[in-house]
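What follows is a single structure, and I will ask about it in a moment.
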Amino acid sequence: MRINGTRQNLSVEPRVTLLDALRNYLDYTGAKKVCDRATCGSCTVILGGKMVYSCSVLAIEAQGKDITTVEGLSTNGKLAPIQAAFVENDAQQCGFCTPGFVVACKAFLDKHPSPTLADVEKGLGGNLCRCGTYAGVRQAVLAAANTMRGGQKNG
Amino acid sequence: MAEYNWPEASKRSLIGKRISRLDGPEKVSGKAKYTYDLKRPGMLYGKMVRCPHAHAKVSSIDTSAAEKMPGVKAVKIIQDPGSEIQWAGDGVVVVAATEEHLAEDAARAVKVTYEVLPHLVREEDLSKAGDRAKPAAEKVAGDPTKAFSEAEVVSEGTYSIAVITHCCLESHGQITEWEGDKLNVFPSTQAVTGIGGEFVKALGIPATNVRVRMNHVGGGFGSKFNADRWGIEGARLAKLAGQPVKIMLERDAELMVAGGRPSSFAKIKMGAKKDGTITAWESNSWGTGGPGGAGMPPLPYVWQIPNQRMNHTGVATNIGPARAWRAPNHPQACFLTMSAIEDLAAALKMDPLEICLKNISLLGPRASLYQEELLKGAEIIEWKRKWHLRGDTTAGHIKRGLGLSMHTWGGAPHNSECRVTINPDGSVSAELASQDLGTGTRTVIAIVAAETLGLPIEAIKVNIGDSAYPPSGGSGGSTTVGGVSSSTRRAAADALDEIFKVVAPALNADPANLEAAGSKIQVKGDASKSMTWQQACSRLGVKPIRANGKQPDPAKGSLASSGVAGIQMAEVTVDTETGIVKIEKLVSVQDMGLIIDAKTAESQIYGALIMGVCYALYEEKIMDQATGRMLNPNMEFYKLAGIGDIGTLVVHLMTGQEQDARGVIGLGEPPVVSPGAAISNAVANAIGVRVPSLPITPDRVLTAMEKKGGLT
Ligand code: FES
Ligand code: FES
């Protein structure tokens, strides 16, 4: 598989999930295991252009595919617009749900470049946060959409 | 002598501003490492064999098959045959293997038999609790009997608030690693300083042999103060295996055994005059927090009602032990009390806001603050325009309602020591064995040090999360911000004093007449006589300045205090066909003394409101009396609010001289106290009847309406 543009070879037992492969056998620990059954979104990665819960995908299903994890969103140490907007709008507290949320927001914005608040609330319902950062996340997504369209930051 | 007091408002360049948390970039890029993300050389994975029964005696244990499984390095019995187990999910045996799934396989191969004992896991019916019910002595104040006989109106109600769990997204756990006879612990914890002592005691090793380190923690909320059985046994297992062992609880275990907020049930009677003056309170309450029962929450909450009678019964159950849950006992007491007051208002056909204002003198020393906050909240939510008598009479099946609540909390500073170092190259570090739970502790420390030294926030390197640093209290009780800001301020002020002494001759000034601002050291009121921070530090030669600051340190004044007031208002709509409650708007007006970082302070309140929506509408640890087990130990059925469930949130921070004068006061807990009560009151106002239990699930809404005979 190609992870964040880098080829990685790995052989694991068939039962190993993509999430466990990333975390335990490689060193991509951004994605987290929380519910381990496709409820919380903390393990979100982009697989072959599609957003997936990596806890619910087997590593063998990802063979030969392109995977983007949270570690692959920033380029040369520069945060992607959605990441910068998360920081600016304080959309993280403990930060444990944050990597999954950031990836989900990125995939959401790729599909909905000009979302309304209602779109955000509907489109990001698959990620749970215990610290209650949703107020910041809502603002961050709208602000990032604005930046990505070339508008003013936080406008 | 150094200037320890907080700078006055006009002189603050960082304190009270909106500053982004320092570890934000690390967190959004997936670089922040939690215990759960760490790997140590040769690390094994540990898994526990858990008891499936709520109450049982271990009869026999056979680990022979597990020991022979591939990858298994150690197997350890932690509760021998004969041990009595008090809740389902408690650990009996622990195994360590080279890979996580191999450890799981081995745990499954351990054979344990039990003698099953009678259990109790539900407490709503006190008559079924038998000798597990432990009544406390009656508490009486004033003359409740007389007050009730003289009351012009008496209202009565029964209310309940369920056991919920902490559900930290990073589960509990740690890595334990031996280096000879020295133990390294990497826990997911709220108490870097405190937790080491438990290993010292349990393992009989000297305190100097334990080092605790952590960088980030994925939620604690009061549940992560202790080493826990998995911590101590993890250390023993690592010794046995001769390799480090990582044990992180699985999600089901996390929900079953590693969290729990006690339930509260109460029959409440209130007496008042026709004009709304509250005169009497009587409550018969009970609740459970697991085997230890549960003490009485602080009833009646906030209101100092002159005549009171309270009886409380703790019920010991086999549901797993309670842990401190963000503002222990306050959300329960608040929900019970504020619901009863709203029901009294409904009986009087009065506006609850009016009742609160009328009885404001019963709110004690912060009465006028509450009054100001109530009026502010009412203005924000447009209470006067939107409030109606109980039961929305407009046509259609969507009913709208308003509710309010009020709360308090202590938040006094904990003990803390901070070491500030100024290096000859101008770099500055602040070190303390504290932890940042995501509340923004790192950022607060940096703000205080930078403000004190007249530097930008980036100039401060904050080192926390290591027991090798000076000790600082656990992060609980909203005590952290007061503790670390006080110790950091004093350390930085003393360090600055030292550097003043070094540079004073060059500036031809008295050290006492120098100040630090804008990355310069200058003569007070004369910026022309100055030198840059770099120049000043280079005069240190090869000797850095180190200063230790402490909290408390009475000789150096007081920078923090305790006691806050807050109010919240909720606007909801209820679909009377489905019973679904929708949050339209939540308003929080909160007082918290001097604010260090307005941005992260607001985040604490947003987070508390959202957590409040969770326990008001969704969360419940549902226990099954037949099997003694939790029915929903997963995140599909143990529900949290999602991003679309929270409505519009408005946060208003009380600021000004009154707040500044009280110094720093913790904020993490108070705003999570009121949402349950405010939302429940809003639902009652919408549909015309009290839904007596939290969480307010659709079935409970429909049942309450049916009992009342449908819509009015
Ligand atoms: S861990 Fe994959 S969705 Fe929760
Ligand atoms: S920030 Fe803690 S779980 Fe979302």
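Can you tell me which residues in the stretch A:105-127 are within 16 Å of ligand 1 (Cβ to nearest atom) and open to solvent by less than 10 Å² (accessible area, probe 1.4 Å)?
If the condition is that a residue be within 16 Å of ligand 1 (Cβ to nearest atom) and open to solvent by less than 10 Å² (accessible area, probe 1.4 Å), then A:Cys105, A:Leu124, A:Asn127 are the ones that fit.
Hey, another quick one. Condition (residue is within 16 Å of ligand 1 (Cβ to nearest atom) and more than 22 Å from B:Ser188 (Cβ to Cβ)) applied to the stretch A:91-104: is it met by at least one residue?
Yes; the residues of the stretch A:91-104 include at least one that is within 16 Å of ligand 1 (Cβ to nearest atom) and more than 22 Å from B:Ser188 (Cβ to Cβ).
Given (1) part of a helix (DSSP H, G or I); (2) within 16 Å of ligand 2 (Cβ to nearest atom), identify the lone condition not met by A:Gly30.
Against the list (1) part of a helix (DSSP H, G or I); (2) within 16 Å of ligand 2 (Cβ to nearest atom), A:Gly30 comes up short only on (1).
Taking the stated definitions as given, is B:Pro300 open to solvent by 10 Å² or more (accessible area, probe 1.4 Å) and closer than 19 Å to B:Trp409 by Cβ?
yes
Give me the pairs, please: first residue somewhere in the stretch B:70-93 and among the polar types (S, T, N, Q), second residue anywhere and assigned to a loop (DSSP other than H, G, I, E, B), beta-carbon distance under 6 Å, and either six or more positions apart or on two chains.
B:Gln86/B:Pro291; B:Gln86/B:Asn318
When only residues in the stretch A:48-73 that are crowded, with 19+ Cβ neighbours inside 10 Å and hydroxyl-bearing (Ser, Thr, Tyr) count, which is nearest to ligand 1 (Cβ to nearest atom)?
A:Tyr53
Taking the conditions exactly as written (more than 14 Å from chain A (Cβ to nearest Cβ) and surrounded by 21 or more Cβ atoms within 10 Å (Cβ to Cβ)), does B:Pro144 satisfy them or not?
It is true that B:Pro144 is more than 14 Å from chain A (Cβ to nearest Cβ) and surrounded by 21 or more Cβ atoms within 10 Å (Cβ to Cβ).
In the set B:Val542, B:Val523, which member is in contact with a helix residue (DSSP H, G or I) (Cβ under 9 Å, 6 or more places away or on another chain), open to solvent by 10 Å² or more (accessible area, probe 1.4 Å) and away from chain A (no Cβ under 14 Å)?
B:Val523
Turning to a different aspect of this structure: Could you tell me whether A:Gly132 is within 16 Å of ligand 2 (Cβ to nearest atom) and either surrounded by fewer than 22 Cβ atoms within 10 Å (Cβ to Cβ) or assigned by TED's automatic domain parsing to the domain that holds A:Ala21 (or both)?
no
Of all residues in the stretch B:6-38, count the ones that are part of a helix (DSSP H, G or I), over 25 Å from B:Gly465 (Cβ atoms) and of a type in the set (Lys, Arg).
Within the stretch B:6-38, residues that are part of a helix (DSSP H, G or I), over 25 Å from B:Gly465 (Cβ atoms) and of a type in the set (Lys, Arg) number 1.
Moving to a separate point now. With the requirement that a residue be β-branched (Val, Ile, Thr) and more than 14 Å from every other protein chain (Cβ to nearest Cβ), what does the stretch B:642-685 give you?
B:Thr655, B:Val664, B:Ile665, B:Val673, B:Ile679, B:Val683
With respect to B:Ile175, determine if the residue is under 30 Å from B:Pro298 (Cα atoms), open to solvent by less than 20 Å² (accessible area, probe 1.4 Å), touching a residue at least 40 places away in the same chain (Cβ under 8 Å) and assigned to a strand (DSSP E or B).
No: the conditions fail for B:Ile175.
Do the conditions hold for A:Gly100, that is, is it within 13 Å of A:Gln83 (Cα to Cα), of a type outside the set (A, V, I, L, M), open to solvent by less than 20 Å² (accessible area, probe 1.4 Å) and at the interface with another protein chain (Cβ under 8 Å from one of its Cβ atoms)?
no
Within the stretch A:34-45, restricting attention to residues that are surrounded by 24 or more Cβ atoms within 10 Å (Cβ to Cβ) and within 14 Å of ligand 2 (Cβ to nearest atom), which residue is nearest to B:Thr35 (Cα to Cα)?
It comes out as A:Val34.
Select from the stretch B:270-290 the residues that are in a loop (DSSP other than H, G, I, E, B) and under 19 Å from B:Glu342 (Cβ atoms) and list them in ascending order.
B:Lys273, B:Lys274, B:Asp275, B:Gly276, B:Thr277
The values are calculated or read from the model by the stated rules, or taken from the named source; none is laboratory data. Values in this document were obtained by computation on a predicted structure and should not be read as measured data. Positions of Cβ are generated from backbone atoms using ideal geometry, with glycine treated the same way; all protein chains shown enter the neighbour counts. SASA here: full protein model, heavy atoms, side chains in, ligands and nucleic acids out. Shrake-Rupley method; radii C 1.70, N 1.55, O 1.52, S 1.80 Å.
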